[in-house]
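**Q** The structure's right below; bear with me while I get my questions together.
Every number here is computed from the coordinates shown, using simple stated rules; none is lab data. Bear in mind that the values here come from a model prediction, so they are computed numbers and not experimental data. Cβ: placed from backbone, ideal geometry, glycine included. Neighbour counts: every protein chain shown.
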Amino acid sequence: MVIRLGIAFLAVWASLPVRAQHPQATIDNGRVTAKIYLPQEAAGYYRGTRFDWSGVIYSLQCGGHEYFGEWQKSDDPYLHDRITGPVESYSVGPHQKMGDAFLRIGVGVCDKAESTARHPFRVVDHGQWEVQKGGNWIAMQHVVKYGKTGYHYVKRLTLTPDRPELVIDHFLHNTGAVPIETQVYNHNFFVIDQQPTGPDFVVGFPFELTAERDLGGFGAVQGKNLVYLREIPAGDYLISTFRGFETDAPRHHAFWLENRKIKAGVRMVTDRPLSKLQLWSPRTTICPEPFIDLKIGAGHADRWSIRYTFYSL
């Protein structure tokens with residue numbers, strides 16, 4: 001099944017309720033149901049320039065629990081962080097800068113013309129998006145070519161048959177004449193049953209954790225765990241980078257997040273070593289942010305995967 005969004009399609013959607021106006025799709029494996037906003041320059045839920053437009057999950061339900069959702073109130077699709085789910089952001093490497101313009105993977109070609117604090121950049125070349133899906137999977141392809149730079153990017157979301165599991169596979173082919181050098185991180189944006197960030201949550205890692213800044217009285221490191229000491233009030237947040245992982249050990253690129261009150265948890269593992277680890281959490285979302293480094297020569301490609309397992313305590 002291939003999804004292409006034309007003018008007639010968009011005209012029909014313009015008469016629907018606000019959420020339904022955004023192109024979207026649902027995948028299901030009998031144990032997990034995920035609802036995804038599709039990348040689309042005219043009517044997409046997210047049209048900002050910070051995050052990859054593909055794989056924006058606004059709902060994932062498993063075992064009677066909701067794991068993702070809106071964590072802030074905004075109707076502005078161009079706001080740089082008005083987004084949901086396990087989304088990724090790619091830094092702009094030295095070869096992706098072209099005067100006032102730059103190439104951001106998963107977004108397109110951007111520049112700073114008429115920029116504001118809320119909208120620091122605009123997209124001047126969206127490239128070409130195509131979406132294919134089956135019952136338990138969806139794949140989003142993005143092709144961009146600009147000057148000496150270009151790429152073919154595929155993100156595929158698969159709900160593993162008969163398992164409470166989501167796998168995100170990435171394929172990035174450098175079709176340009178210069179290297180792609182980028183650091184990519186997944187922001188995650190967990191919103192588990194709308195529970196406020198506080199002592200019911202714990203975030204665990206497979207290594208002894210060291211915070212690189214004061215946690216503001218909101219949290220504390222206890223061995224391999226980050227625990228919350230009190231609820232984070234609206235308008236405030238906890239943020240820090242963390243040390244303790246080995247940069248050549250893929251086994252350290254993992255974490256688990258649990259809420260002991262509602263007895264819901266999720267574990268993430270991947271196949272690449274960490275280059276940096278940060279965690280940010282206001283009152284409405286908890287975001288372990290693992291970073292990896294990519295360097296792809298002209299004409300070459302790379303692949304990597306992330307696996308989420310959802311469970312009850």
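**Q** Taking the convex hull of the Cα atoms, report for segment 155-225 its projected area averaged over all directions, in nm².
**A** With the hull built on Cα positions only, its mean projection is 8.6 nm².
**Q** Here is a follow-up. Suppose the chain between ARG243 and GLN278 were pulled fully straight at 0.36 nm per residue; how much longer would it get relative to their current alpha carbon spacing? Can you show the working numbers first?
**A** Working: separation 35, 0.36 × 35 = 12.60 nm, distance 0.92 nm.
Value of the extension gain: 11.7 nm.
**Q** Turning to a different aspect of this structure: Which pairs in the list LYS73/LYS276; LYS73/LYS97; LYS97/LYS276; LYS35/LYS97 are over 27 Å apart, alpha-carbon to alpha-carbon?
**A** LYS73/LYS276; LYS73/LYS97; LYS35/LYS97
**Q** Can you give the relative contact order of segment 66-188 as a percent, counting alpha carbon pairs under 8 Å and 6+ residues apart?
**A** 23 percent
**Q** Sticking with this structure for a sec: List residues of segment 56-95, by number, whose backbone nitrogen lies under 16 Å from a label position 7 Å along Cα→C-beta of LYS263.
**A** In segment 56-95, the label zone of LYS263 (backbone N under 16 Å from the point 7 Å along Cα→Cβ) covers 62-66.
**Q** Counting just the Cα atoms, what span does segment 201-312 cover along each of its three principal axes? Round to the nearest Å and put the largest first.
**A** Principal-axis extents of segment 201-312 (Cα, largest first): 50, 32, 27 Å.
**Q** Counting only C-alpha contacts under 8 Å and six or more residues apart, can you give the relative contact order of the chain as a whole percent?
**A** 16 percent
**Q** First select every other residue whose beta carbon is under 14 angstrom from the beta carbon of THR247; then total the charges, Lys and Arg +1, Asp and Glu -1.
**A** +1
**Q** Where Lys and Arg each count +1 and Asp and Glu each count -1, what net charge lies around GLU212 among other residues with Cβ under 12 Å from its Cβ?
**A** Neighbourhood net charge equals +2.
**Q** If you don't mind, there's one more thing I want to ask. Which of the three applies to segment 96-171, rounded, prolate or oblate, going by the alpha-carbon gyration tensor with a ≥ b ≥ c and a/c under 1.5 meaning rounded?
**A** Because a/c hits 1.5 or more and a/b exceeds b/c, segment 96-171 counts as prolate.
**Q** Also, I was wondering about something else. May I ask for the net charge around HIS187, where only other residues with Cβ less than 11 Å from the Cβ of HIS187 are counted and Lys, Arg are +1 while Asp, Glu are -1? The partial results should precede the final answer.
**A** On the way: positive: ARG50; negative: ASP52, ASP81, GLU88, GLU289.
Once all neighbours under 11 Å are counted, the net charge is -3.
**Q** Please give, to one decimal in nm, the separation of the simple spin-label points placed at GLU231 and GLN132, each 7 Å out from Cα toward the Cβ.
**A** Inter-label distance under the simple model: 4.8 nm.
**Q** Read through the labelled values (1) 15.2; (2) 16.2; (3) 18.3 and report the label of the one computed as mean projected area of the Cα convex hull in nm² from the structure.
**A** Among (1) 15.2; (2) 16.2; (3) 18.3, the one derived from this structure is (2).
**Q** To continue, here is another question. If you average the sequence gap of Cα pairs under 8 Å that are 6 or more apart and divide by the length of segment 201-312, what percent do you get for the contact order? Show your work: numbers first, answer last.
**A** On the way: 238 pairs, mean separation 27.8, N = 112.
With pairs under 8 Å counted, the relative contact order is 25 percent.
**Q** Can you give me the C-alpha center-to-center distance between segment 200-221 and segment 122-156, rounded to a whole angstrom?
**A** 36 Å
**Q** Give me the three principal axis extents of segment 214-272 from the C-alpha atoms, as integers in angstrom, largest value leading.
**A** Per principal axis, max minus min of the Cα coordinates gives 37, 28, 22 Å.
**Q** Here's a follow-up. Fewest Cβ neighbours within 10 Å first, please rank PHE291, PHE242 accordingly.
**A** Details: PHE291 18, PHE242 22.
Lowest count first: PHE291, PHE242.
**Q** What Kirkwood hydrodynamic radius do you get for segment 261-313 when you take the inverse of the mean 1/r over all pairs of distinct Cα atoms, in Å?
**A** Computed over segment 261-313, the radius equals 13.9 Å.
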